[in-house]
Amino acid sequence: MTRNRFIKNTFFLILGGMITKILGFTIKILYTRYLKSDGVSLITLVFPTYALLLTISTFALPLAITKLIAEKKERKSKIIFSSFWITGIINIVLTTIVLLFSNYYAANILHEPRCAFLIKILCFTLPFVTTTSIIKAYFFGIENIKPVIFSNISEEIIKLLMVIIFLPKFMNKGTIYGVTFYLTINFICEIMSFITLSLFMPRKIKIKNLSYKYDQNCISEISKITVPTLGSKLIGSIGYFLEPIILTNLLIIKGIDANYIRLNYGYYQAYAIAILTIPSFFLSALSSNIIPLISKIKITQNYKKIKSLTKRIITVVLICGIFYSGILYIFGKKIMYLLYKNIGGYKYLKMLLPFFIFFYLESPILSILQSLDKEKNIFKITTLGIIIKYFILTFLIMLGFGFKSLIISEIINIIFVILLCIYYLNNSLFYPSQQ
């Protein structure tokens, strides 16, 4: 990928990501208003579980597909269909486990029996999400980002229309009906995404029967990338998955009401974190484009060029992060009220705001390390970050800091992780022969 093409693709990804983010945020504003605090709290309780299931089901395949196709190590059809074999088996196993244990898990771990049915619904969306993720990774690998942009936008438009037209009608029947319908929309959106992506697939390619079969060599090539990468992604997802469980159970032990915990966790995740992570469309666009570019430069061992590119990326992210944080520092409460008609999460936003400038650096730096084949370093960063976070969280709750324990532990995690990221990035770029 040439420099001009990198800039062009990044620009289109940022533009498409911005449109998608605006649509997505509009959806979030509407559904938080329609579902109210109780419905939003239910969604924030089940989504960490969904994130873990999604990490397992995708098996870090999108990254492997992008890298292999960009490096032209295997025939494209082999990579795609071998990936479908892997995800197919994983999804069958996951669905079986969820159907067997979701009732017990919801009632005894999450302390909210209503979550059982919601987790089952989300589980059935996994095959659709993994399929579209694989196809999107193929397009990233061949450096054709337009289908991904159109797919993401079409998903959000369909979701927005369905939220506006149908969600209020289901909410009239009750909170659980409204939340169930909102989660069910994912089926329709993923089907729309698949149809959109299919329109851009090459028409003249003849796929031989061999392409549909399990290919051991291709699976081995994919596994060399996915297994180390999956470890770090899995640790991150497990950390996110454990957050409401550890928080809820420890606070209940300390005598805090479960409804209070659920309500405040909803404020924290759905309001404060949602606003703080608005720049994620920019970070996602940048990170997605970094991987194929640096992977190709690494083949030539041109570390001077990688250093120069890394400095520019970090500078741009820092400038954008400081600018956005400044806006939130001045107008944060007004923005939150304007969006949600509720400022319940503002105190959490205010505490996290100064430290999220460093959080924004995490995704691009991890993508650079990923491109340099430093999966072991990423695994160490993620694992140590999670251990530190939950040790601090448990310690503070036991000392009686209550719900603020989560905020303080998140701040410490951000600082610790970014310091580790900078340490490993510095070693990878300036002492590559020792790595």
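General remarks:
- Test item: Cα-centred dipole of the range 42-157, Lys/Arg +1 and Asp/Glu -1 on Cβ, debye: 380
- Neighbour counts of other Cβ atoms within 10 Å put 320, 115 in the fewest-to-most order 320, 115.
- With kT/(6 pi eta Rh) evaluated at 10 °C and eta = 1.306 mPa s, and Rh the Kirkwood radius from Cα pairs, the range 29-174 diffuses with a coefficient of 92 µm²/s according to Stokes-Einstein.
- Radius 12 Å from Cβ of residue 58, net charge of other residues (Lys, Arg +1; Asp, Glu -1): +2
- Length gained when the stretch residue 404-residue 331 is fully extended (0.36 nm per residue, less Cα-Cα span): 24.0 nm
- Between the residues 383, 125, 81, the greatest Cα displacement towards the positive end of the dipole of the chain, with unit charges on the Cβ of Lys, Arg, Asp and Glu, is found for 81.
- Ordering 38-48, 57-67 by mean Cβ neighbour count within 10 Å, with the highest value first, yields 57-67, 38-48.
- Listed peptides 104-112, 394-402 by packing density, highest first (mean Cβ within 10 Å): 104-112, 394-402
- Cβ-based charge dipole, the range 3-434, positive-most Cα from 252, 152, 396: 152
- Residue exposure sequence - 373, 257 - by fewest surrounding Cβ within 10 Å: 257, 373
- 29 Å Cα-Cα threshold exceeded, pairs from 136/374; 146/296; 159/224; 159/298; 304/374: 159/224; 159/298
- Based on the Kirkwood approach, the hydrodynamic radius assigned to the chain is 22.7 Å, with every pair of different Cα atoms included.
- Dipole of the range 3-434 computed with +1 at Lys/Arg Cβ and -1 at Asp/Glu Cβ about the Cα centre; of 161, 31, 41, farthest Cα towards the positive end is 161.
- Compared with the direct C-alpha span, the chain from residue 75 to residue 376 gains 105.6 nm at full extension, assuming 0.36 nm per residue.
- Charge tally for residue 45 (other residues, Cβ to Cβ under 13 Å; Lys, Arg +1; Asp, Glu -1): -1.
- For the range 361-385 and the range 217-248, distance of Cα centres in Å: 13
- Using Cβ point charges alone (K and R +1, D and E -1), the dipole size of the range 3-434 about the Cα centre works out to roughly 1240 debye.
- Summing Cβ point charges (Lys, Arg +1; Asp, Glu -1) relative to the Cα centre of the range 99-199 gives a dipole of roughly 260 debye.
- Under 13 Å from the residue 320 label point (7 Å along Cα→beta-carbon), backbone N, the range 263-284: 277-284
- For the range 232-271: rounded, prolate or oblate by the Cα gyration tensor [a/c cutoff 1.5]: oblate
Each value in this text was obtained by applying a stated rule to the coordinates, not by laboratory testing. Owing to the predicted nature of the structure, the values given are computational and were not obtained by experimental measurement. For neighbour counting, all protein chains shown are included, and Cβ atoms are generated from backbone atoms with ideal geometry for every residue, glycine included.
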